[in-house]
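*Asks:* I'd like to ask some things about the structure below.
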């Protein structure tokens, strides 16, 4: 078979390609808007990244030319100002009030192991010091924080929980601890 001239082969190839593309036209027309939209979105995101990069480079240069001043208004307080370094013997943050006393109420009660600010006088029936129940010594209960107690509650029996609640009421009478124990007793009893 004789080879057709180059120009003829080119025209036949273009005609076949145009015919194939014409057959695909209905499908292409349907997907073209989404293709165009995705390409446009890609272009916009690339431009945003380029602009953000330029801003970051500008910030770096301005920071080198004009170093920032470490100024804090006297009236401004931040959460990190309230926290001291972590203690050496435990991992609990030491939270102190403005006058240096450790906060033991409100949102800081979770980390409280100290005496409450307001001393609650126990009733006459609770004033008689009784020997601490075995569960108190087993858990080292007087040294537990609220979070540590909460973590151990699921492994305790209702009788142990009631002993702890009675012990708490006769000693420190901390409301968050009493509420936690009473709620756990209610849930465990309902099962």
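*Asks:* Answer with yes or no whether residue 37 is outside any helix (DSSP H, G or I) and at pLDDT 85 or above.
*Replies:* Here the answer is no, as residue 37 does not meet what is asked.
*Asks:* Another question, then. With at pLDDT 55 or above and closer than 30 Å to residue 77 by Cα as the only criterion, which of 174, 150, 184 stands out?
*Replies:* 174
*Asks:* Another one. Please tell me if residue 132 is in contact (Cβ under 8 Å) with a residue 40 or more places away in the chain and outside any helix (DSSP H, G or I).
*Replies:* It is false that residue 132 is in contact (Cβ under 8 Å) with a residue 40 or more places away in the chain and outside any helix (DSSP H, G or I).
The values are calculated or read from the model by the stated rules, or taken from the named source; none is laboratory data. Everything quoted here is computed from the prediction, not taken from an experiment. Don't worry about glycine lacking a Cβ; one is built from the backbone with ideal geometry, like all the others, and counts go over all protein chains shown.
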